Amino acid sequence: MKFLAITLIVHAPDPVTGVRKPTNARFREVIDNALLAEELGFDGFGVGERHERPFISSSPPVVLSHIAALTSRIRLFTAVTTLSLLDPVRAYEDYATLDHLSGGRLELIIGKGNGTAQRELFHVTPEDQWDRNAEGYEVFRQIWRQDKVTAATRFRPELNEAEVWPRPFQQPIRVWHGSATSKESVDLAARYGDPLFSANVTNPIEPYAELIRYYRERWEHYGHDPARIAVGAGSAGYLAARTSQEAIAAYRPVFEGQLAFQKRLGLEPVFLTLEDFVERSSALIGSPQQVIEKVHRYHEQFGHTVQHLQADANGLTGAQHRASLELFQSDIAPVLRREIPDPPFAWGPVFAEPSEATSDPSAATGEPPVTSTPEPESASDSVSAHADR
């Protein structure tokens with residue numbers, strides 16, 4: 001099993017102290033958390049994309065580029081790239097550049113995004129957001145695979161033998177489909193043989209498990225090898241301590257602060273007590289053995305091989321946050337790595353077999369050919385899809 005630390009870069013008052021950090025200090029905290037994740041041995045670090053309050057994650061390529069310059073091993077994820085809001089040509093340019101600068105450490109989780117304010121900001125409607133996302137993904141993936149692109153687009157100027165630079169490092173980049181509620185996105189991910197990442201944050205396990213079962217059914221319907229399925233899953237919170245009593249006591253003020261914040265925003269909480277939150281949500285709160293057992297319980301339903309934890313302290317003190325993550329890597333991750341398999345692909349840069357490549361990038365760019373060991377992708381990976389988050 002692989003483990004990611006993910007942040008949506010929420011910029012809100014601390015749920016315990018009520019103090020909101022200055023914007024630059026909040027960004028500094030994100031960078032420090034990414035460095036900590038690499039230091040402790042996490043496999044990936046993810047940055048979300050939102051264009052509305054209380055988030056300041058509107059530019060994940062910039063944040064991830066800074067992280068790439070300060071790290072050397074950890075893979076870099078978007079969580080999620082909201083393609084329904086973006087020009088796919090411009091998105092490709094940003095992410096291809098980042099992929100080169102990071103040495104092929106980038107992976108994308110894409111989704112249509114959510115939130116009324118950001119839709120209005122980009123003049124995207126509920127009626128056309130799915131079509132925009134699908135078109136954006138199709139163009140994006142075509143650019144990643146072809147030196148010249150022709151596309152009769154609806155939501156941006158048409159492309160006619162267009163060249164987009166720089167040409168890619170990974171050939172092609174791995175794209176996951178972020179999924180929260182929609183069977184449409186799950187079906188499309190399955191149709192094209194792409195991995196799925198379940199949000200698995202807001203609700204109890206049942207709706208997410210149903211979508212993942214549907215994904216597996218559709219995957220086989222479309223004729224893909226079941227052994228090639230890859231599923232990731234989120235978590236609603238994390239705090240491990242030596243005993244469950246210690247963990248619950250430390251997390252209680254965090255939960256109560258988050259509950260109050262949700263009510264101030266006019267949101268209807270799903271879990272009204274910490275005890276219910278610990279029992280029925282995807283939060284991993286308790287002793288190491290309790291966390292291990294809960295991940296296994298979700299794995300029985302999801303079959304997931306990638307798990308994300310929240311990268312932010314989010315109400316914990318810096319010392320509590322670090323100690324909890326250290327305990328995860330010392331007592332929890334080794335057991336889960338041993339007992340739950342990895343995704344069915346190499347955890348590193350993606351390079352198509354020569355027969356799968358549309359062209360030789362080194363011939364087009366004048367750069368030396370890549371010498372890393374190639375990793376074949378699914379035969380259906382030349383087609384695009386869209387998903388929700």
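At least 2 residues being touching a strand residue (DSSP E or B) at 6+ places or on another chain (Cβ under 8 Å) and over 23 Å from Pro207 (Cα atoms) is the threshold, and among the strands (runs of 3 or more DSSP E) wholly inside the stretch 228-289 those reaching it are 238-240. Applying a threshold of 6 Å to beta carbon distances and a minimum spacing of six or more residues, or different chains, the list of pairs starting in the stretch 28-43 at a residue that is without any contact (Cβ under 8 Å) to a residue 40 or more places away in the chain and under 22 Å from Leu336 (Cα atoms) and ending at one that is outside any helix (DSSP H, G or I) and among the β-branched types (Val, Ile, Thr) reads Glu38/Thr71; Glu38/Ile74.
A quick yes/no check of all residues on (1) in contact (Cβ under 8 Å) with a residue 12 or more places away in the chain; (2) under 30 Å from Pro168 (Cβ atoms); (3) open to solvent by less than 40 Å² (accessible area, probe 1.4 Å):
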| position | (1), (2), (3) |
| --- | --- |
| Lys263 | no, no, no |
| Tyr298 | yes, no, yes |
| Ala311 | yes, yes, yes |
| His321 | no, no, yes |
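Number of residues in the stretch 274-291 that are among the β-branched types (Val, Ile, Thr) and open to solvent by less than 10 Å² (accessible area, probe 1.4 Å) equals 1. Looking at Ala346, Ala363, just one residue is at pLDDT 95 or above and exposed (fewer than 15 other Cβ atoms within 10 Å of the Cβ), and that residue is Ala346. Within the stretch 226-257, how many residues are touching a Phe, Trp or Tyr at 6+ places or on another chain (Cβ under 9 Å) and open to solvent by 30 Å² or more (accessible area, probe 1.4 Å)? Number satisfying all stated conditions: 2. The set of residues in the stretch 4-22 being closer than 27 Å to Asp342 by Cβ and in a loop (DSSP other than H, G, I, E, B) consists of Leu8 alone. Going residue by residue through the stretch 102-110, is there one that turns out to be open to solvent by less than 60 Å² (accessible area, probe 1.4 Å), modelled with pLDDT under 95, in contact with a helix residue (DSSP H, G or I) (Cβ under 7 Å, 6 or more places away or on another chain) and under 25 Å from Ile31 (Cα atoms)? Taking every residue of the stretch 102-110 in turn, at least one turns out to be open to solvent by less than 60 Å² (accessible area, probe 1.4 Å), modelled with pLDDT under 95, in contact with a helix residue (DSSP H, G or I) (Cβ under 7 Å, 6 or more places away or on another chain) and under 25 Å from Ile31 (Cα atoms). Applying the condition of being under 16 Å from Asp87 (Cα atoms) and without any contact (Cβ under 8 Å) to a residue 24 or more places away in the chain to the stretch 121-148 and asking which residue is most open to solvent (accessible area, probe 1.4 Å) yields His123. Based on this model, can you work out whether Leu86 counts as modelled with pLDDT of 95 or more, touching a Gly at 6+ places or on another chain (Cβ under 9 Å), under 27 Å from Glu163 (Cα atoms) and open to solvent by 40 Å² or more (accessible area, probe 1.4 Å)? In short, yes.
Within the stretch 177-211, the set of residues being at pLDDT 95 or above, touching a His at 6+ places or on another chain (Cβ under 8 Å) and open to solvent by less than 10 Å² (accessible area, probe 1.4 Å) comprises Leu196, Phe197, Ser198.
Rundown of residues vs (1) open to solvent by less than 40 Å² (accessible area, probe 1.4 Å); (2) outside any helix (DSSP H, G or I); (3) under 30 Å from Ser185 (Cα atoms); (4) among the charged types (D, E, K, R), yes/no style:
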{"site": "Asn24", "(1), (2), (3), (4)": "no, no, no, no"}
{"site": "Arg28", "(1), (2), (3), (4)": "no, no, no, yes"}
{"site": "Asn33", "(1), (2), (3), (4)": "yes, no, no, no"}
{"site": "Arg50", "(1), (2), (3), (4)": "yes, yes, yes, yes"}
{"site": "Ile67", "(1), (2), (3), (4)": "yes, no, yes, no"}
{"site": "Arg73", "(1), (2), (3), (4)": "no, yes, no, yes"}
{"site": "Phe77", "(1), (2), (3), (4)": "yes, yes, yes, no"}
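The values are calculated or read from the model by the stated rules, or taken from the named source; none is laboratory data. Nothing here was measured: the structure is a model prediction, and the numbers come from that model. As a convention, Cβ positions derive from the backbone with ideal geometry for all residues, glycine included, and neighbour counts pool all protein chains shown. SASA here: full protein model, heavy atoms, side chains in, ligands and nucleic acids out. Shrake-Rupley method; radii C 1.70, N 1.55, O 1.52, S 1.80 Å.
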